[in-house]
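Each remark here refers to the structure printed beneath this line.
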């Protein structure tokens, strides 16, 4: 299939046939250009990243797992530079077209993977989610998407950013495909039993744009009916912005540590916004980092308390649908900060989160997320599949 | 002449014949890619700078003045990105070869101009000097070079950085050509009368590497003999590092103001070091800027006191010869900071400064600078010419 939406990295398209007879036979997938594919440069979304690095000899774990399950790799997709970005505008490789929201960003950093799946170029695609990089493009492109429990999916062969928050995730257009792919990558059957309690995180709905919260209500109601027992609760008693602040301190400090040696020796080129994020990461005081780490412990204990076995929580994945392409940083920076307020729990607490295409607002997709206990990834996928059947 | 040293911007080389019968007839020149040439993109050393900007319709004042004087333009030269850099390593266009110091940087930001003149590709070349961008490459490449009195040379058509420090300068290999070109650009005959008093700035010689200070001694002695009356004196009683700190506060604040709108709307790509300098410029506290401005007044009053009519001062242009190419930022940053300690007086006080090829250290060129009262530009050129005759 041609790539007329600019979702794939420039140059010849890699293709590797899936193993015959696997459970994902007949499916195609793409991999964000942070995942190693044997014999192919890992570009990392930055033209200076590959310099001086060996061509990978092995496929990343997630790539190999999909191939072994029978899916066919059809290309590598554009990412925000070394996964630093949440909107999907790459100054080197351009902005993949969001077919569900023309003229608007696809979301990032797994921009090309989300755009390619949304456009029907492939059935599923691998992304990474450190601070929202699967959840946000899933919401903006109207896709199913998962940020798995932190530490559950083997990240071998995936370009790291902030290891205590990094995860491998994936997208699909429909619930059935999402369940098939999830079962393969989670190495677990998708159960039929569902959780029995639903928490509606009222602080998060209050934080989203009013028309977003309103548009999601029918889906929240269907979800409540599906689960049975539903109640309202605050997710982050310390404040969504306080959790976001903690994540915005911990993640850049780790990202700077990850890339510091490369910056020093290679003085690589970045879009100004990306370089600025790294510089800011280098300047976060130790006192702030220490506090942020304590707040992370509070967030973890809160999420654990809220989410015993059998309970899930729902929230708007993003506070608004996809912003317009090409806006100034002074417009985009506050939007990014608001997005972080709804995504920070992922990096802080490491619970699995699934984005469900929740609604449209003025024709633009907006996602509803469900979060469960650590390790409940397959159950969240089961909820997404069961909810789809009630539509 | 071919450009096998990578001094010129990529693409077809612009050529404009000089006016027949002018005083610079027979000379060729190059212009740093910060100067407008009618019908040619001004690249600014950054691949995103030209985006959305009109092609210049007029030549920059300095370009037109050289053409009118009979010199022929043979190309536009590589510069550090938007003149932010002192070493001459451009992540987009590469590092022009310093033929006088193989394997070492040419110095910047007027890197290509200095390299082209040093290699004999042209007779003279235009540069800009905000914080040392003519003086440093002149020192590293063994050239004559001038940073004129601030405000003296019309900067129309020159890409600005920090307007209260920005100047237009130029290079030549020999004193006679340097005098011819200087006369045309200064619109003034080079006098025969010389100053009568020389100050040897002992703090600056003490700050340079010991072998640099020692290597320059014979030239300092010849200069003393030429001028007649010589004495030792401290240039910066508050400290060279204090003057440097003031310049390193004022210049980045102005540079950020110059480029802020472009950064916001264009999110352009930069080498990490350049983006970092801009980010740091955006973060300098107002209290620091206010202090730096007061220190600038002190530096101005000191230079005015030291340099009445008829007096010049000499100092090493740089503390060391050209560093090796391709070193990590953690090695280069402290070198850049030391260079600033010997260059800050230019931006702070605005006095004219001429670099004279002063000596070699282990075969590498090192410059001796002379500074005079504001407006004494032609007299400094006269000293350089007269000193050459004593060699």
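The values are calculated or read from the model by the stated rules, or taken from the named source; none is laboratory data. All of these numbers come straight from a predicted model, not from anything done at the bench. So basically every Cβ, Gly included, is an ideal-geometry build from the backbone, and we count neighbours across all protein chains shown.
Computed quantities for the displayed model
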item	result
Residues of the stretch B:87-135 that turn out to be part of a loop (DSSP other than H, G, I, E, B) and more than 14 Å from chain A (Cβ to nearest Cβ), as a count	23
Evaluation of residue B:304 against (1) away from chain A (no Cβ under 14 Å); (2) surrounded by 24 or more Cβ atoms within 10 Å (Cβ to Cβ) (one fails), failing number	(2)
Qualifying residue in the stretch B:347-360 (condition: within 30 Å of residue A:256 (Cα to Cα), surrounded by fewer than 23 Cβ atoms within 10 Å (Cβ to Cβ) and either under 22 Å from the mean Cα position of the chain (by Cα) or more than 14 Å from every other protein chain (Cβ to nearest Cβ) (or both))	no
Of residues in the stretch A:262-277 being in a helix (DSSP H, G or I) and within 7 Å of chain B (Cβ to nearest Cβ), the one farthest from residue B:327 (Cα to Cα)	A:273
Condition check for residue B:239: farther than 24 Å from residue B:344 by Cβ and surrounded by fewer than 22 Cβ atoms within 10 Å (Cβ to Cβ)	no
Subset of the stretch A:81-106 (residues that are more than 14 Å from residue A:7 (Cβ to Cβ) and out of contact with any helix residue (DSSP H, G or I) (no Cβ under 9 Å at 6 or more places or on another chain))	A:102, A:103
Selected residue (criterion: nearest to residue A:16 (Cα to Cα)) from residues of the stretch A:55-83 that are in a loop (DSSP other than H, G, I, E, B) and touching a strand residue (DSSP E or B) at 6+ places or on another chain (Cβ under 8 Å)	A:71
Sole residue being free of Cβ contacts under 8 Å to residues at least 24 places away in the same chain, under 22 Å from the mean Cα position of the chain (by Cα), closer than 22 Å to residue B:133 by Cβ and outside the structural domain of residue B:46 (by TED's automatic domain parsing), chosen from B:246, B:236, B:275, B:271	B:275
Those residues of the stretch A:23-37 which are assigned to a loop (DSSP other than H, G, I, E, B), touching a strand residue (DSSP E or B) at 6+ places or on another chain (Cβ under 6 Å) and closer than 15 Å to residue A:74 by Cβ, in sequence order	A:33
Single match in A:277, A:257 (criterion: out of contact with any helix residue (DSSP H, G or I) (no Cβ under 7 Å at 6 or more places or on another chain) and either within 30 Å of residue B:90 (Cβ to Cβ) or surrounded by fewer than 16 Cβ atoms within 10 Å (Cβ to Cβ) (or both))	A:257
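Residues checked against (1) assigned by TED's automatic domain parsing to the domain that holds residue A:155; (2) free of Cβ contacts under 8 Å to residues at least 40 places away in the same chain; (3) not in a loop (DSSP other than H, G, I, E, B):
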{"position": "A:10", "(1), (2), (3)": "no, no, no"}
{"position": "A:14", "(1), (2), (3)": "no, no, no"}
{"position": "A:21", "(1), (2), (3)": "no, no, no"}
{"position": "A:42", "(1), (2), (3)": "yes, no, no"}
{"position": "A:45", "(1), (2), (3)": "yes, no, no"}
{"position": "A:53", "(1), (2), (3)": "yes, yes, no"}
